[in-house]
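The values are calculated or read from the model by the stated rules, or taken from the named source; none is laboratory data. Just so you know, these numbers come straight off a predicted model, no measurement behind them. Using ideal geometry, Cβ is built from the backbone for each residue, glycine included, and neighbour counts are taken over all protein chains shown.
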2 protein chains.
Amino acid sequence: MNNNSAATWIWYPGDYEIWLANEMNNRRTERGAFFPHFWKMDSHYVLVEFSKKINLAAPEEIEIAVEGKFNIKLDGKLQFGMPTKFMLPAGKHSLNIKVWNQATPPAIFVNGKTVKTDNSWKVTYEDKEWIDESGKASDTSATIYMDAEGWADFDAVDKLPSQYKLAIEEHKAVTVTNVQGGQLIDFGKETFGFLRFHALSGKGKINIFYGESKEEALDTNDCETLDVLTVDGNNVTDEALAITSILEGIYTLANSKAFRYVYVTKDDEVSFSEISMLYEFKPEEQRGSFTCDDEELNRIWEVGAYTMELTTRECFIDGIKRDRWIWSGDAYQSYLMNYYLCFDSQTVKNTTWALRGKDPVTSHTNTILDYTFFWFLGIYDYYLYTGDEHFISQVYPRMQTLMDYVLGRTNKNGMVEGLTGDWVFVDWADGFMDKHGELSFEQVLFTKSLETMALCAKLADNTPDQTKYEKLAVDLRAKLLPAFWNETQKALVHNRLNDKPQEQITRYANMFAVFFNYLSAEQKQEIKESVLLNDSVMKISTPYMRFYELEALCALGEQKEVMKEMKDYWGGMIREGATSFWEKYNPTDKGTQHLAMYGRPYGKSLCHAWGASPIYLLGKYYLGIQPTKAGYSEFAINPTLGGLKWMEGAVPTPNGEIKLYMNENTIKVTATEGRGYLTFSSESQPQASKGTIEKLEGNNYRLLIDGKEEVVVSYK
Amino acid sequence: MNNNSAATWIWYPGDYEIWLANEMNNRRTERGAFFPHFWKMDSHYVLVEFSKKINLAAPEEIEIAVEGKFNIKLDGKLQFGMPTKFMLPAGKHSLNIKVWNQATPPAIFVNGKTVKTDNSWKVTYEDKEWIDESGKASDTSATIYMDAEGWADFDAVDKLPSQYKLAIEEHKAVTVTNVQGGQLIDFGKETFGFLRFHALSGKGKINIFYGESKEEALDTNDCETLDVLTVDGNNVTDEALAITSILEGIYTLANSKAFRYVYVTKDDEVSFSEISMLYEFKPEEQRGSFTCDDEELNRIWEVGAYTMELTTRECFIDGIKRDRWIWSGDAYQSYLMNYYLCFDSQTVKNTTWALRGKDPVTSHTNTILDYTFFWFLGIYDYYLYTGDEHFISQVYPRMQTLMDYVLGRTNKNGMVEGLTGDWVFVDWADGFMDKHGELSFEQVLFTKSLETMALCAKLADNTPDQTKYEKLAVDLRAKLLPAFWNETQKALVHNRLNDKPQEQITRYANMFAVFFNYLSAEQKQEIKESVLLNDSVMKISTPYMRFYELEALCALGEQKEVMKEMKDYWGGMIREGATSFWEKYNPTDKGTQHLAMYGRPYGKSLCHAWGASPIYLLGKYYLGIQPTKAGYSEFAINPTLGGLKWMEGAVPTPNGEIKLYMNENTIKVTATEGRGYLTFSSESQPQASKGTIEKLEGNNYRLLIDGKEEVVVSYK
């Protein structure tokens, strides 16, 4: 009966994503206190009109479900009440459904034989359909209609968007130890979810202290998260004063927490038989993979993938203990890792909408100057990896208003500086970093953001914008080297104050200028020596900026050096007991020093998305796979063993994958979509099972991969 | 124990008002269909931080109630949970409460011995309180803090803002008549509220047809509002599919309706004993009054006051049958009438916030170009009548952004024209009115709006804005006469197309230019003859523009002529049976022609606020009382009998009143606050019981009124 693709619930683009992100961002707590973020929290349009032009061969009954109070108009005529079924007559008609909902995003689900809600429906927050005295309707030609947004998840009448939940799965404790009158429970590795008490009864308090480390769980005064429950017979009251009935002896906490350990104490009059947890996760297929002969590297990849699993939720969050918020700089890296792991485009889009919020723009993204730019960069990459032009056209109006905000805050040189209320972040640095004046790092990101605007203006068919942003991008890019290049130091200096370049060199702008290709080949090599491999330049101690540092080195062909660094740094965390990667890691720290940050003994997050960068580096710079045209319609495969004996892996593409195996004399490639060149070097003439190998400069060769069969290359 | 003024619930300024207006605006229905408005519906900030610097002589326990999920910070430190009591230590402290609420506006109520929520608390939607790696807090000097808003109504912990309801009072039917198997119930006069069924039982449908007229109620096919109930034992289902239990035999409808008559039919299996109604109203004291020797005029004043009572709700609405929405042009007149009736400043502020909504501005107010300007004018008058500078400073940022929107849409002459998507309304005219090009009416309103901006910029201590808007206002005002004055016709022409003044004269711009004093005394007199008293200029058939037409005539001293017009026009409606004043009235219409509008037989609203203008005209131009400095600190009293033998009345002032009695030889004045001149004419030397009468030009005299005692003047 149902010939077309399934109906989905639909809503105003971005609105549900923003609302859902609010639900998620507001789950952070600190020692029992609710801890929302400090930037503006936007929300959905509370009144939305959905419309569709239909043309029916036969009358058709539609099922209608709505989240909100609504009306239906057929050909401009209001229909009685709020029906759950409605008969559409044959022929051409206009169907409009207008919904009001303050609490959750207005959303509709319409399902008939042919008429179904999907993103061919139009939506507006302001239809401007007035009527004049004679009853004549207004001109709505200036009304802004967008395409509706809907997710495949919500494909049934009873799958209400407002009721969305991540998946859960019960996990048991690995060990339970009695410590000072309480129980210390170890779940074996970093995890995230809802603690659950079995056979709970009695009357009195239960104190729960969570720890990503054993030390934290046992430190009842300083652990970052805790819960206090008051049990009274069949009811349990939590710190939000919510009262929940115990069902069949089981009480599950309302808020999920991050932990490996929990330490639980209780009043004598309360009892329970066991504590388990409901692991909360987004069910996703890990379509990317990487294995090699180095077991430590394999473990690094696995721990990175698990770190991504834990931090991939309704959106990509920074860390699971704190902040549990969406941060643009962190999310940008999650996007990149995701393209080499799950290729979950939906979560990239959700996160992009949520970070952007609504107009007006009242601060930088997350209040951070650099994070505004990472938001633009994320869209650039999203398009490159997915080829999803439709999303670009949907989000383009918000790109415009955010860039207007940036352009409204530039100085006389057309550059950005931190103004009052702006957070100039760059990185958590273990030394002095000047945040004043024109930072080269910010200008490099700004340039790339302007280039992104020009690209997306073109995709959104906005030629005047394209011209404007191309000019702005070219102008700013032309200023970078004159402003910041220090010919003596062979590097971009950190900043300029009152038009005067300063002397300090930091790694940040230099790294980005390398892989953004803003420098000559000669300058890039100079930077490698003068900055990247120069120990006198302040070292980076966050996996966040290590990500880019190693990417820059890979882009310069230093895979062997980077392999060593990965094994030292990420291997180092694993040797310290990490089961997920950390927010920050200083190899010279000892013991509980590893746990402290922000002046708090357990302030550091031990599961932080930006820690997982080997996922990206191994996929893009060892397997060597990346798109060169949008959505992998064309790709490049440039594998490098980087000291390994062999490696094998897969990189997901929008509707397929590229698999690669390489050892010291064989490369095997299978690409199920797209086409592109496999490039490699060989000391002797290589052989291919299919196609013609072309010789390039030096010992380099390339082979066009175009077809779904495996291609085997022998080389030396 | 409680020495200070009472604590009130507080919220972000404007947010509750916007939310409450949404609740109100969304109560419109048309024949059982939900009918929300067609412009953007804004909503509250969902995350708001409230803060207060406190200095306590002794520790103090505070009671805390919050609408939303919240946290408490004392001196920057988060406190556990969501407590309902909290002990504040002695000394200087910072108290912060941060609240998240998607569905209703974040609001808090704090009550201690000295610490109480009131508008000395600060609020922000974006505190920007980040901490750096070391735990140091950010600079929040760029954070925008506003004063909290709270109403005196919400002065107890259990008076939750989200639960606000108007008052109700049960009214019985006046007559019940059996008509064609149904009951026609007459409540005796136009009314508004919830229909109520007594001893309701059985199973089946009840159909309810509402009518402002008997004809409408009995016309089941075309009446504008109706309800269909499905009774099934103890449950009743309405058209919104909501199911309500019958309590002690009584079922009250969920949505209020406007009617005088209801016609009710039912299935045989359903029964009820009686239908009554709960009259829904805003309890207010009518502080203004007017009586005179002319009983018809007294009745006009009473019907006007009742029309205002019916249309004064959470905000001032246009009409009670439809649209039940806030329209800026309609509200502007309600404000003016209100200053002479209830002096309800709260409802003026609510309506002003609600009309403005939030940023960004995406269309004119209610989509109507002229209504944007009436919004500014309403603020001008609000300040003049109330002297409330605090409100001006709170709303000023939204005045700026709305005026930015207007200025972004001006043409090369700095004038406004209707652009695509703009509704150029002016009036419902019974003849051709060109809406193209530069309308003189719009430019006159624009000029006054710019003058309002300049005034309010000054009150908000924004000197650069003041300078900017003063210049814009002066420039535009200087263009009005050169652009529109037609020296042959002695009038402002209606519009200019491509810089060419057109020939048509309409009344609109001419009226406003008169009482805005944009013309010379000579031009004003010319307009009186050439336009206002000229029957060949298209007549006005709405009470809306009659309001300004008669005001212009009063401003020109034509009170006798206006008295005649009032008795003809408003007296005419009463003679047609009106119990409240209508949206439109054409004295030449007959019978049911009076009920039709918008191409629908009962489309016309028979209770429309803009119909009540005699309230304003009698107070301002007969009693002759108006403020000349903000908040009646100075006033003018210029009474005119206009053909009456005597009149007596009171005009409310912010904290008092001005009472006046006048007959043909005596004037009695009592002013309980402010000072100002009583001005009058007398053929012989007048005498005063107090003070010294000064002679002016001609037969005119004035007497300073300064003191609370009654002053009696004898004159001839």
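Every residue in region B:9-50 that is at the interface with another protein chain (Cβ under 8 Å from one of its Cβ atoms), among the aromatic types (F, W, Y) and assigned to a strand (DSSP E or B), please.
Correct list: B:F34 only.
Please specify each residue of region A:258-274 satisfying the condition of being under 29 Å from A:Y306 (Cβ atoms) and surrounded by fewer than 19 Cβ atoms within 10 Å (Cβ to Cβ).
The answer is A:E274, and nothing else.
State the number of residues belonging to region A:603-623 that are without any contact (Cβ under 8 Å) to a residue 24 or more places away in the chain and either in the same structural domain as A:G643 (by TED's automatic domain parsing) or assigned to a helix (DSSP H, G or I) (or both).
Count: 0.
Return yes when B:W582 is under 21 Å from B:G329 (Cβ atoms), assigned to a helix (DSSP H, G or I) and aromatic (F, W, Y) and no when it is not.
Values: under 21 Å from B:G329 (Cβ atoms): yes; assigned to a helix (DSSP H, G or I): no; aromatic (F, W, Y): yes.
No.
Counting just the residues of region B:54-89 that are of a type in the set (A, V, I, L, M, F, W, C) and outside any strand (DSSP E or B), which one comes out nearest to A:L241 (Cα to Cα)?
Taking region B:54-89 first, the residues of a type in the set (A, V, I, L, M, F, W, C) are B:54, B:56-58, B:62, B:64-66, B:70, B:72, B:74, B:78, B:80, B:82, B:86-88.
From what's left, outside any strand (DSSP E or B): B:57-58, B:80, B:82.
Details: B:A57: 31, B:A58: 28, B:F80: 11, B:M82: 7 Å.
Among residues in region B:54-89 that are of a type in the set (A, V, I, L, M, F, W, C) and outside any strand (DSSP E or B), the one nearest to A:L241 (Cα to Cα) is B:M82.
With the condition kept exactly as written, say whether any residue in region A:624-632 is crowded, with 22+ Cβ neighbours inside 10 Å, aliphatic (A, V, I, L, M) and either in contact (Cβ under 8 Å) with a residue 24 or more places away in the chain or not assigned by TED's automatic domain parsing to the domain that holds A:Y261 (or both). First the steps, then the outcome.
Initially, region A:624-632 is screened for residues crowded, with 22+ Cβ neighbours inside 10 Å, giving A:624-625, A:627, A:632.
Filter once more, keeping what is aliphatic (A, V, I, L, M): A:625.
Among the residues that remain, those that are also either in contact (Cβ under 8 Å) with a residue 24 or more places away in the chain or not assigned by TED's automatic domain parsing to the domain that holds A:Y261 (or both) are: A:625.
Within region A:624-632, one or more residues are crowded, with 22+ Cβ neighbours inside 10 Å, aliphatic (A, V, I, L, M) and either in contact (Cβ under 8 Å) with a residue 24 or more places away in the chain or not assigned by TED's automatic domain parsing to the domain that holds A:Y261 (or both).
So, A:T347, is that one more than 13 Å from the chain's Cα centre (by Cα) and of a type in the set (V, I, T) or not? Can you show your working first?
Details: more than 13 Å from the chain's Cα centre (by Cα): no; of a type in the set (V, I, T): yes.
No, not satisfied.
In region B:369-399, what residues are out of contact with any helix residue (DSSP H, G or I) (no Cβ under 7 Å at 6 or more places or on another chain) and either within 13 Å of chain A (Cβ to nearest Cβ) or of a type in the set (D, E) (or both)?
At the first step, the residues of region B:369-399 found to be out of contact with any helix residue (DSSP H, G or I) (no Cβ under 7 Å at 6 or more places or on another chain) are B:390, B:394, B:397.
Residue satisfying the conditions is B:P397 alone.
Please go through region B:663-692 and pick out each residue that is out of contact with any Asp or Glu (no Cβ under 9 Å at 6 or more places or on another chain), under 18 Å from B:G624 (Cα atoms) and of a type outside the set (G, A, S).
Going residue by residue through region B:663-692, those that are out of contact with any Asp or Glu (no Cβ under 9 Å at 6 or more places or on another chain) are B:664-667, B:678-688, B:692.
Pick out the ones that are also under 18 Å from B:G624 (Cα atoms) and you get B:664-667, B:678-682.
B:E664, B:N665, B:T666, B:I667, B:L678, B:T679, B:F680, listed by residue number.
How many residues does region A:337-361 contain that are surrounded by fewer than 23 Cβ atoms within 10 Å (Cβ to Cβ) and assigned to a helix (DSSP H, G or I)?
3
Which of (1) within 28 Å of A:A636 (Cα to Cα); (2) surrounded by fewer than 17 Cβ atoms within 10 Å (Cβ to Cβ); (3) aliphatic (A, V, I, L, M) does A:L377 not meet, given it meets every other one?
(2)
With on the phi > 0 side of the Ramachandran plot and in a loop (DSSP other than H, G, I, E, B) as the only criterion, which of A:G698, A:G631 stands out?
Going through A:G698, A:G631 in turn, just one is on the phi > 0 side of the Ramachandran plot and in a loop (DSSP other than H, G, I, E, B): A:G698.
Could you check, for region B:539-550, whether at least one of its residues is in contact (Cβ under 8 Å) with a residue 40 or more places away in the chain, touching a strand residue (DSSP E or B) at 6+ places or on another chain (Cβ under 7 Å) and aromatic (F, W, Y)?
no
Can you tell me which condition B:V176 does not meet? The list is (1) surrounded by fewer than 17 Cβ atoms within 10 Å (Cβ to Cβ); (2) more than 14 Å from every other protein chain (Cβ to nearest Cβ); (3) within 34 Å of the chain's Cα centre (by Cα); (4) not acidic (D, E), and all the others hold.
Here B:V176 clears every test but (3).
Could you check region A:443-464 and list, in sequence order, the residues that are under 25 Å from A:A483 (Cα atoms) and either surrounded by 24 or more Cβ atoms within 10 Å (Cβ to Cβ) or in contact (Cβ under 8 Å) with a residue 24 or more places away in the chain (or both)? Can you show your working first?
As a first pass, look at region A:443-464 and keep what is under 25 Å from A:A483 (Cα atoms): A:443-454.
Once the filter is applied, which keeps residues that are under 25 Å from A:A483 (Cα atoms) and either surrounded by 24 or more Cβ atoms within 10 Å (Cβ to Cβ) or in contact (Cβ under 8 Å) with a residue 24 or more places away in the chain (or both), region A:443-464 yields A:Q443, A:V444, A:L445, A:F446, A:T447, A:K448, A:S449, A:L450, A:E451, A:T452, A:M453.
Give me the pairs: first residue in region A:1-25 and at pLDDT below 95, second residue polar (S, T, N, Q), beta-carbon distance under 8 Å, and six or more apart or on different chains, which are they?
A:N3/A:T114; A:N4/A:T114
Taking the condition over 30 Å from A:S138 (Cα atoms) and more than 14 Å from every other protein chain (Cβ to nearest Cβ), does B:T410 pass?
On the way: over 30 Å from A:S138 (Cα atoms): no; more than 14 Å from every other protein chain (Cβ to nearest Cβ): yes.
Taking the combined requirement at face value, the residue does not satisfy it.
Is there any pair linking a residue in region A:465-480 that is in a helix (DSSP H, G or I) to one that is of a type in the set (F, W, Y), with Cβ under 7 Å and at least six apart or on different chains, and which?
The qualifying pairs are A:L476/A:F446; A:R477/A:Y518; A:L480/A:Y518.
Just to check your reading of the model, which residue among A:K203, A:K165 is in contact with a strand residue (DSSP E or B) (Cβ under 9 Å, 6 or more places away or on another chain), outside any helix (DSSP H, G or I), farther than 30 Å from A:S51 by Cα and not acidic (D, E)? Steps first, answer last, please.
On the way: A:K165 fails: farther than 30 Å from A:S51 by Cα.
When all the criteria are applied, what remains is A:K203.
Of all residues in region A:396-422 being charged (D, E, K, R) and assigned to a helix (DSSP H, G or I), which is surrounded by the most Cβ atoms within 10 Å (Cβ to Cβ)?
Filtering region A:396-422 down to residues charged (D, E, K, R) leaves A:398, A:404, A:409, A:412, A:417, A:422.
Checking which are assigned to a helix (DSSP H, G or I) leaves us with A:398, A:404.
Details: A:R398: 20, A:D404: 13.
That would be A:R398.
Output the number of the condition that B:E664 fails; it satisfies all remaining conditions of (1) farther than 29 Å from B:T347 by Cβ; (2) surrounded by 15 or more Cβ atoms within 10 Å (Cβ to Cβ); (3) not basic (K, R).
Every listed condition holds for B:E664 apart from (2).
Filtering region A:96-115 down to residues that are free of Cβ contacts under 8 Å to residues at least 60 places away in the same chain and within 14 Å of chain B (Cβ to nearest Cβ), which residue is surrounded by the most Cβ atoms within 10 Å (Cβ to Cβ)? Explain how you work it out, then say what you get.
Going through region A:96-115, the residues free of Cβ contacts under 8 Å to residues at least 60 places away in the same chain turn out to be A:96-103, A:112.
Pick out the ones that are also within 14 Å of chain B (Cβ to nearest Cβ) and you get A:96-103.
Numbers: A:N96: 19, A:I97: 25, A:K98: 28, A:V99: 26, A:W100: 22, A:N101: 21, A:Q102: 22, A:A103: 15.
Per the stated criteria, the residue is A:K98.
In the list A:G378, A:G408, A:G414, A:G418, which residue meets the criterion of being at positive phi and either modelled with pLDDT under 95 or not hydroxyl-bearing (S, T, Y) (or both)?
On the way: A:G378 fails: at positive phi; A:G408 fails: at positive phi; A:G418 fails: at positive phi.
Just a single option satisfies the conditions, and that option is A:G414.
Just to be sure before I move on: is B:N486 polar (S, T, N, Q), closer than 26 Å to B:H390 by Cα and in contact (Cβ under 8 Å) with a residue 12 or more places away in the chain in the structure I sent? Steps first, answer last, please.
Working: polar (S, T, N, Q): yes; closer than 26 Å to B:H390 by Cα: no; in contact (Cβ under 8 Å) with a residue 12 or more places away in the chain: yes.
Considered against the rule, which asks whether it is polar (S, T, N, Q), closer than 26 Å to B:H390 by Cα and in contact (Cβ under 8 Å) with a residue 12 or more places away in the chain, B:N486 comes out as no.
Condition first: polar (S, T, N, Q), within 14 Å of chain A (Cβ to nearest Cβ) and either surrounded by fewer than 16 Cβ atoms within 10 Å (Cβ to Cβ) or within 36 Å of the chain's Cα centre (by Cα) (or both). Now tell me which residues in region B:129-163 satisfy that. Explain how you work it out, then say what you get.
Restricting attention to region B:129-163, the residues satisfying the condition of being polar (S, T, N, Q) are B:134, B:138, B:140-141, B:143, B:162-163.
Those still in the list that are within 14 Å of chain A (Cβ to nearest Cβ) too: B:134, B:138, B:140-141, B:143, B:162.
Of everything in region B:129-163, those that are polar (S, T, N, Q), within 14 Å of chain A (Cβ to nearest Cβ) and either surrounded by fewer than 16 Cβ atoms within 10 Å (Cβ to Cβ) or within 36 Å of the chain's Cα centre (by Cα) (or both) turn out to be B:S134, B:S141, B:T143, B:S162.
Tally up the residues in region B:51-79 that are under 39 Å from the mean Cα position of the chain (by Cα), among the acidic types (D, E) and away from chain A (no Cβ under 13 Å), please.
1
For region A:679-716, which residues satisfy the criterion of being among the hydrophobic types (A, V, I, L, M, F, W, C) and free of Cβ contacts under 8 Å to residues at least 40 places away in the same chain? Before the answer, list the steps.
The first filter runs over region A:679-716 and keeps only residues among the hydrophobic types (A, V, I, L, M, F, W, C), leaving A:680, A:688, A:693, A:696, A:703-705, A:711-713.
A:A688, A:I693, A:L696, A:L703, A:L704, listed by residue number.
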